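Colleague: Shown below is the structure under consideration.
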Amino acid sequence: MKKSRVFTALIIMIFFLQTGITNLFAGELVRKAQESLVGMGVDPGPVDGLWGPLTQGAVKKFQENQGLPVSGRLDDETKKHLFSFTHEILSTEKTAPETQETTQPAVSAVAEEKNAPVAGEEPVKKVSPKQTLKAPDSVEAKPASPPGPKVKETSAVKKASGPCPQPRKTKSAPASIAKLDKTGGANSDRGKKIYSKTAKPMACKMCHGDKGDGKGKLGAALKPRPRNFTCAETMKKVSPGQMFWIIKNGSPGTAMVAHKKSLQDKEIWDVVKYIRSTFLNETPAGEKTASKSIPEETSAPASSKSAPEVAAQASVAPSPARQLPKGFKVTGKYAEGTVSNGGSISGVVQFSGKVPAPIMEDLSKGKNVEFCSTHPDAKGTVRPRVKVAVVNGNLRDAVVFIQNIKTGKAWPTAINNFDFRTCDIFPKVSVIRKTPRGMKTGLLTITNQDPDILHNPHGYSIAGASRKTLFNKPLPSKGDVADVTRSFKRFKPSKDKHFFLQCDQHNFMEADARVVWNPYYSLSGADGAFKIDRIPAGKYWVTAWHPYIGEVSREVTVTGGADVRSDFELVSK
């Protein structure tokens, strides 16, 4: 009996040893494949040696790009193409003469122009932040090609030798980001070094070529081909902000990977400046007219004019609308008190300019197609998403709020809630505040109202071109509720202004909120009307804000018991 037990134990030990060794080699194979996929611009998720749905999906994408049978398995033919191609890349980088990197300009890893249906995050999936992230993003008014420095068609640009033009549908950057141009303060030499030598996972010239024409050593093997920066016909549609967005968030469906984890924002702007000054012969905007640059903490209206110029047009009230005075700061300190004989501010938020067309979302390209197509606005598998709602010239969902009031009425006690319903988020625009000291629940909740549909609310704080994750909560079943109250306790007035909410499972599900620091706010209705009441007498700075148009401000004087009429106009090109 004793010998039998020993024999059984030995058999079990041998089995586990063999299994462990097999898993070890399998893990190394998967890790090697993941590293190679990253080098090819296909995202397999974490490089951890574990085989999962993300890695399998990346293998399928690679097989599809290379014209191989799409099995999702690491069969011999797939390994042959994947590993031999990566070996060729690495050996080329190692043997390339050093002088080649200094005698020819290197090219960015940015791959796409703005030419497409959606703007957010995200696919730049997030995000986006995303669906940007969207960067908030989000974020997506689908405006016409955002204004930027015009491409000068010099002889150098006209001699484009790569594919030209390159028509392609690409995720649009959020309007506020597409408007940015920080190349004036960027360093072209640093940008050149990043793209010729230090970019990860490989030098960007490997795809885009030394001459910026998309004819790098890997270019011919990639589908679609890398962006040709020397093609004036294509690049004149791409603003510096759009280019920044693509470098940071990548471009799904191409070999262009996201660099938000490997490059800081200022390094990305260095790259943008290098590309545009070298291959497009542009003079950075800041070097033309510094007054046109947009401050990092200011939401830019979607117009070709600077924020001050747009604000100056919004005078339908007693005092002209403009930016907040220089040095103006929101302290974030507010004390609830008693208001006697309070006044009010009422008016209408009007819209001027071309109304952005709805984003026609193709639901068949996402998850839960059949259910998401039951959305009341959907026609078949296509649903129009309205980011800017205008009726008879009046703007809906604009947040009007007082910036500089220190004491007054109490905060509302109702819990703010976002419903995830029929693959959409309601309300589309709201307000959010910093979590009060000691509060652990009851400030903001998110509820899944869809049966048997997994939603994954992902909340961001958006500031300029960057986004910061606040929470990421899975809601697998109908009735599931996520209380995210604690996520807002570190808000700061100087940094947190725009809250953006997106579903990671369905990146077209989005909502926005303005961060406010006192209870004096109002959301404009379908007729653009708003009213803020119970205001102590005094002079206040009042701002009208829309997540995809921008903001304008003006000083308003409130007298006891009186209603002050103050209309606002937000302008979009």
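Colleague: In whole Hz and in residue order, list the ³J(HN,Hα) couplings for the stretch 439-447 that follow from phi through the Karplus curve 6.51 cos²θ - 1.76 cosθ + 1.60, θ = phi - 60°; x for Gly and Pro.
Modeller: Ordered by residue, 3J(HN,Hα) equals 7, 10, 9, x, 8, 9, 10, 10, 10 Hz.
Colleague: So, in nm, how far is label F471 from label D76 when the simple model puts each one 7 Å beyond its Cα toward the Cβ?
Modeller: If labels sit at F471 and D76, their model points lie 5.3 nm apart.
Colleague: Test of understanding: extend the Cα→C-beta vector of V355 to 7 Å, then name every residue of the stretch 388-404 with backbone N under 16 Å from that spot.
Modeller: Only 388-398 pass the distance filter.
Colleague: A follow-up question, please. With every atom except the alpha carbons ignored, what do you get for Rg and Dmax of the stretch 414-511, in angstroms?
Modeller: Rg and Dmax of the stretch 414-511, Cα atoms, are 13.0, 41 Å.
Colleague: Quick one: order E361, E555 by neighbouring beta-carbon count within 10 Å, fewest to most.
Modeller: By the 10 Å Cβ count, ascending: E555, E361.
Colleague: Please give, to one decimal in nm, the separation of the simple spin-label points placed at Q449 and D362, each 7 Å out from Cα toward the Cβ.
Modeller: Those two pseudo-labels are separated by 2.9 nm.
Colleague: Oh, and also: Which value in nm describes the separation of the simple spin-label points at E370 and N187, placed 7 Å from the Cα toward the beta carbon?
Modeller: Simple spin-label model gives 5.8 nm for this pair.
Colleague: Can you give me the long-range amide H partners of L443? Hydrogens built in the peptide plane at 1.01 Å from N, cutoff under 5 Å, separation of 5 or more residues or another chain.
Modeller: The list, which skips near neighbours in sequence, is T485.
Colleague: Long-range amide H contacts for I425: which residues qualify at under 5 Å (H placed 1.01 Å from N, peptide plane, sequence gap of 5 or more or a different chain)?
Modeller: Result for I425 returns E510.
Colleague: A follow-up question, please. Sorting check: for 28-38, 391-401, which peptide has the highest mean count of neighbouring beta carbons within 10 Å, and how do the rest follow?
Modeller: Going from most to least packed, we get 391-401, 28-38.
Colleague: Which of the peptides 175-188, 448-461 is most tightly packed, and how do the rest follow, judged by the mean count of other Cβ atoms within 10 Å per residue?
Modeller: 175-188, 448-461
Colleague: Same structure, new question: By counting other Cβ atoms within 10 Å of each Cβ, how are F500, F328 ranked from fewest to most?
Modeller: F328, F500
Colleague: Right, here's the next one. Of the listed peptides 423-429, 76-82, what is their order by residue-averaged count of other C-beta atoms within 10 Å, with the highest listed first?
Modeller: Packing proxy ranking, top to bottom: 423-429, 76-82.
Colleague: Can you put M206, M439 in order, fewest other beta carbons within 10 Å first?
Modeller: Least to most surrounded, the residues fall as M439, M206.
Read-outs throughout are calculated quantities, based only on the coordinates presented, and are distinct from any laboratory measurement. As the structure is a prediction and not an experimental result, all values here were calculated from the model. Don't worry about glycine lacking a Cβ; one is built from the backbone with ideal geometry, like all the others, and counts go over all protein chains shown.
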